[in-house]
1. How large is the helix-only mean residue ellipticity at 222 nm for chain A, computed as the sum of -39500 (n - 2.57) over DSSP H runs with n ≥ 4, divided by its residue count, in deg cm²/dmol to the nearest 500?
2. Accessible area per residue, 1.4 Å probe, Å², for segment A:5-227: what's the number?
3. By how many degrees, 0 to 90 and rounded to 10, does the Cα axis of helix B:2-20 deviate from the longest principal axis of chain B?
4. With both bridge residues required to lie in the protein assembly as shown, what share of the DSSP beta bridges run antiparallel, to the nearest 5%?
5. Compare the Cα positions of B:A97, B:S328, B:L26 along the charge dipole of chain B (+1 at Cβ of Lys, Arg; -1 at Cβ of Asp, Glu; about the Cα centre) and return the one farthest towards the positive end.
6. If R0 is 56 Å, what FRET efficiency do you get for A:D28 and A:R118 from their C-beta distance, rounded to 0.05?
7. When the accessible area of chain B is split by element with a 1.4 Å probe, what percent falls to carbon and sulfur?
8. Output the 0 to 90 degree angle, nearest 10, between the alpha-carbon long axis of helix B:155-192 and the longest principal axis computed from the alpha carbons of chain B.
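The values are calculated or read from the model by the stated rules, or taken from the named source; none is laboratory data. What you are looking at is a predicted structure, and each value in this text was computed from that prediction instead of being measured. Glycine also receives a Cβ, built like all others from the backbone with ideal geometry; neighbour counts cover every protein chain displayed. Note: accessible area is taken over every heavy atom of the protein model, side chains too, but ligands, DNA and RNA are not part of it. Shrake-Rupley method; radii C 1.70, N 1.55, O 1.52, S 1.80 Å.
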Amino acid sequence: MTASPIVEIRQLSKTYPGAGRPAVDGVDLAIAHGRIFGLLGPNGAGKTTLLSMLCGLLPPSSGSLRIRGQDVRHQDAAIKRRLGLAPQDLALYPYLTARENLAYFGGMLGLHGAALRRRLDYCLDTAGLNDVADRRVETFSGGLKRRLNLVIALLHEPELLILDEPTVGIDPQSRRFIHENLKRLNAEGMSIIYTSHYMEEVEQLCDEVAIIDHGRIIAQGSVDELLAAPREATIELRTSVPPPPAAQAALRALAHVHTAEFDGKFVVLTSAAPQTVAPAAMRLLHENGVETTSLSFGAMHLEQVFLALTGTRLRN
Amino acid sequence: MLTIFHRLAAAVIKEIRLILRDKEALIILFIMPMVFVLILSLALRDSFHERAGVRFALLIVNQDRGPVGDKLVEIFSQSANFRTEVVTANGPVPSAAALDADLRAGRYKFAFRIPPKTSERALRRVQQQLGLQPTGKVPEASVALTLLSDPTVRGDQRALVQAALNRALQGVESGMLLQQFAAIGKRLAPFAANVPGVPALRAPKTLDAFAEVKDPDETGKPYKEQTPTSVQQNAPAWTMLAMFFLVIPLSVTLIKERQVGSLTRLQSMGAPAWVLLAGKILPYFVINQVQLVLILIEGMYVLPLFGGDVLTIGDAPVAIALVSVAASLAAIGFGLLIASFSRTPEQATTFGATSVLVLAAVGGIMVPKLVMPPAMQRLGDLSPMSWGLEGFLDIFVRGGGVAEVLPECSQLLVFAAVCLIIAVWQFARRMANVS
Ligand SMILES: Nc1ncnc2c1ncn2[C@@H]1O[C@H](COP(=O)(O)OP(=O)(O)OP(=O)(O)O)[C@@H](O)[C@H]1O
Ligand SMILES: [Mg+2]
């Protein structure tokens with residue numbers, strides 16, 4: 001790694017009081033300066049918990065967290081000023097306009113006068129909110145709210161921007177707009193941590209990715225590395241009717257099939273020999289009176305890596 | 001230093017914007033108390049007057065152009081118990097119907113008419129009684145005076161006024177009798193000079209009663225028993241309630257900010273906890289002071305336009321400010337306490353409204369403590385709203401200053417400090433629970 005790490009996390013764990021198992025479990029991460037770092041994980045994986053500890057909002061149960069070599073637990077205001085957090089839940093005042101929301105948070109950061117106005121204009125520009133700047137946030141669409149929620153984190157020109165699922169519930173246009181802005185900010189030198197459950201956007205946006213599940217980092221590296229890693233391929237089949245139990249048992253028993261998961265008319269198999277397994281699986285299904293309507297395998301998408309790593313079971 | 005100022009300014013501006021856009025909060029904090037002050041000051045005006053000592057509006061229609069009419073007008077004009085208006089024979093005299101209408105409308109509580117030539121008739125009668133008029137003539141009938149009254153006047157009050165009128169008439173009659181005796185004495189003087197021990201008789205200039213029943217001196221009364229006017233009671237009482245009602249918007253915004261994550265966001269930005277706390281306390285403190293000023297202005301300038309008493313506020317503005325600051329801190333402390341123990345805005349609203357209304361009812365805000373039995377009064381002494389109210393009454397009614405309100409202010413400040421400490425402790429406990 002050429003760039004010096006801006007964030008270093010060692011053996012970080014967090015168990016909420018009364019919880020049976022840790023929400024973050026022995027995480028080691030080094031995030032390089034000047035990168036866009038993607039943190040991927042299904043619901044409840046521990047992403048928000050990890051970011052909260054990173055921002056000094058939540059004390060870790062064990063382990064250490066350093067930002068630019070300084071321990072976060074010292075609660076140094078100078079460290080906090082280097083971070084800008086856009087929380088997952090919209091932290092906005094619906095009865096205030098976009099400009100008033102920004103002015104309040106800016107004021108609480110100690111900005112005032114011309115400097116405050118300059119930052120307000122910058123943030124409104126960046127979020128593309130100039131036309132609605134003086135409208136109350138309660139009248140905003142989900143996309144506008146998300147964009148405002150994001151740029152509030154830019155008010156104090158942080159070195160490291162931390163975005164907790166910044167694109168949930170917004171349309172592709174808004175998402176592209178946000179991504180372009182993030183790329184520009186990154187090009188200007190800002191480091192970004194980006195959490196999401198959307199694989200394609202991480203694939204498009206991020207230089208480096210960590211996949212987290214059940215509080216553990218289960219894979220980490222550049223997007224290319226993750227895609228290229230020798231790994232079992234996933235074979236996805238869509239069937240005319242849900243396969244009956246007998247067919248499911250036969251598929252699991254099929255030669256070279258490693259795992260088989262069933263979700264209605266979806267079948268996901270993993271295998272080191274997809275070229276052999278795919279036609280065999282179709283034939284077997286046909287013999288059980290189930291037709292295959294679509295089949296895909298090979299050219300891995302990050303989504304498939306993700307599913308392969310985290311499984312397809314529904315999370316709570 | 002300067003950034004602290006800007007941070008607090010940002011917090012105050014934002015909170016005031018939120019309040020101004022929250023119609024329910026505006027109604028609770030400003031409209032409701034001002035309406036209550038107006039309605040209750042007017043509605044209770046007279047019953048407070050009666051407690052403070054009766055002062056009836058009286059109309060005398062004086063058609064007599066002689067000493068009897070003048071003397072009666074003088075007596076009633078000087079009485080502390082009457083606010084007397086006089087119509088003389090020189091001006092237009094109201095008709096019986098007009099007088100009746102005025103009484104019914106409550107413009108006057110009582111009225112009586114002194115008929116023309118009353119003085120002449122009284123003189124003739126006195127002289128007849130002394131045998132000074134030629135005998136054989138028809139005896140002069142007594143002058144008929146009718147006391148008219150507002151139909152809502154209570155019977156005992158009417159009897160009192162009637163007695164006062166009778167006493168005045170008797171005084172006038174005694175004076176006339178003495179004058180007659182003096183006149184006789186003057187004529188007898190040449191003869192009396194020869195009789196040892198008989199002084200020259202002369203009519204006294206003024207007729208002093210040998211004894212007179214006086215009102216107790218207000219200033220000599222036990223300090224706490226001096227009675228306020230209805231606006232002096234109601235204005236500070238509803239100000240206290242209004243101040244404490246900010247418990248609701250204060251705790252609701254605080255809980256919403258916690259729920260929605262803006263507190264988290266502020267923490268992540270490194271805003272120190274005390275700035276967040278001050279950023280809540282300061283705007284609501286400003287709102288409290290605006291409430292007081294608005295209600296004082298209402299009492300002093302608006303209420304009189306509706307026929308209410310003018311609110312007099314003593315002459316100790318520093319003491320008023322002191323009570324107001326202490327009461328506001330107590331209310332804010334209480335609001336933070338409620339916020340720290342509530343999980344949802346609904347809980348805070350219910351718990352806040354109930355506790356504030358109970359403290360108000362007990363503390364003599366809705367029903368003055370004057371009319372409560374002693375046991376209830378002692379219970380009321382436990383309510384912080386009562387401390388604030390008593391502080392204002394010390395200044396408005398009893399002429400108190402800073403020294404007189406120090407006990408109430410200390411009570412309020414101790415209450416505020418205790419609430420704040422418990423609230424901070426509870427907030428800290430919650431934070432620790434999350435971690
Ligand atoms: N305040 C809390 N108290 C107790 N448990 C919590 C708390 N917050 C989160 N958890 C639990 O910790 C685990 C991780 O939650 P976290 O919110 O960090 O996940 P996440 O990856 O952000 O999920 P999502 O994608 O749904 O936002 C979950 O099992 C969750 O139920
Ligand atoms: Mg989350």
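1. It lands at -10000 deg cm²/dmol.
2. For segment A:5-227, the per-residue accessible area is 38 Å².
3. Its long axis makes an angle of about 60 degrees.
4. Details: 39 of 69 bridges.
About 55 percent, rounded to the nearest 5.
5. The residue sitting farthest along the positive end of the dipole is B:A97.
6. Numbers: r = 40 Å, r/R0 = 0.71.
Step by step, r from the Cβ atoms, then E = 0.90.
7. C and S atoms contribute 65 percent here.
8. Result, in degrees: 40.
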